[in-house]
Amino acid sequence: MSLRLIPYLVMDGNAKEAIQFYQKALDAQVLFSQSFGEMPENPEFPLPADAKDLVSHATIKVGETEVMFSDNFPGTPHQSGNQVTLCLSTNDAEQARKFFDALQDGGQVGMPLQETFFSPAYGSVTDKFGVNFQIFTEGRQ
């Protein structure tokens, strides 16, 4: 089993600018970047035209550490305190479920752990201490 804890920065529409800044300031290397417009369309959540160029997910590498980014999903308020989450990444869906279940005890589920187009088991939860976690199971890109 592999397990990594990755800082995940949720930006207020300026993720591209932040990534470019960290490339220059920290010699960061962009490993992956995808806009909301490049994601599969979801008729239940139509994407506003002005949001298509916003970053849905990006990963940079600073030295030996990866940092993930996204812009806030259009229509979701951005507030100080929710812009940094911890992404707990594993290649074991059963372990992901155990972590998710343990973290939701006394906390609040943001997105139930479920299969998505990018992961066999992904969800988000805020633990009882107010720390935001994304549980990501590797397996789909």
- [ ] Considering the options SER124, PRO112, TYR8, tell which one lies farthest towards the positive end of the dipole of the chain, charges being +1 on Lys and Arg and -1 on Asp and Glu at the Cβ, about the Cα centre.
- [x] TYR8
Task: Selected from GLY106, GLY123, GLY37 as most flexible by GNM, with the chain as the system and alpha-carbon contacts under 10 Å - done: GLY106
Task: Integer Hz, Karplus 6.51/-1.76/1.60 couplings in order for region 113-121, x for Gly and Pro - done: 5, 7, 6, 10, 5, 10, 7, x, 7
TODO: At 0.36 nm per residue, minus the direct Cα-Cα distance, what do ASP127 and ILE6 gain on full extension? Give it in nm, one decimal, please.
DONE: 41.9 nm
Task: Label zone at GLN23, where the point sits 7 Å out along the Cα-to-Cβ direction: region 54-74 residues whose backbone N lies under 16 Å - done: 54-63, 67-70
Task: Sequence-distant residues sharing a close amide H with ASP71 (under 5 Å, placed H) - done: MET11, VAL55, SER56
TODO: Just add up the charged neighbours of ARG4: K/R +1, D/E -1, any other residue whose Cβ is under 15 Å from the Cβ of ARG4.
DONE: -3
Task: Gaussian network model of the chain, Cα within-10 Å springs - most flexible of ALA121, ALA96, ALA25 - done: ALA25
Open item on the list: So if I place +1 on the C-beta of Lys and Arg and -1 on the C-beta of Asp and Glu, and nothing else carries charge, what would the dipole magnitude of the chain be about its Cα centre? I want it in debye, nearest 20.
Closed with: 220
Open item on the list: How much accessible area per residue does the chain have, counting only protein heavy atoms and a probe of 1.4 Å, in square angstrom?
Closed with: 61
Task: Accessible-area order (highest first, 1.4 angstrom probe) of the listed residues MET68, MET111, MET1 - done: MET1, MET111, MET68
- [ ] Pull up all non-local amide H partners of GLU138: gap of 5 or more, or a different chain, and H-to-H distance under 5 Å with H placed in the peptide plane.
- [x] THR90, ASN91, ASP92
Open item on the list: Within region 1-96, what whole-number % of the accessible surface is contributed by carbon and sulfur, with the 1.4 Å probe and all protein chains included in the calculation?
Closed with: 51
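The values are calculated or read from the model by the stated rules, or taken from the named source; none is laboratory data. As the structure is a prediction and not an experimental result, all values here were calculated from the model. Virtual Cβ from ideal backbone geometry, glycine too; neighbours counted across all protein chains shown. Side chains are part of the model used for accessible areas, which takes the heavy atoms of the whole protein and leaves out ligands, DNA and RNA. Shrake-Rupley method; radii C 1.70, N 1.55, O 1.52, S 1.80 Å.
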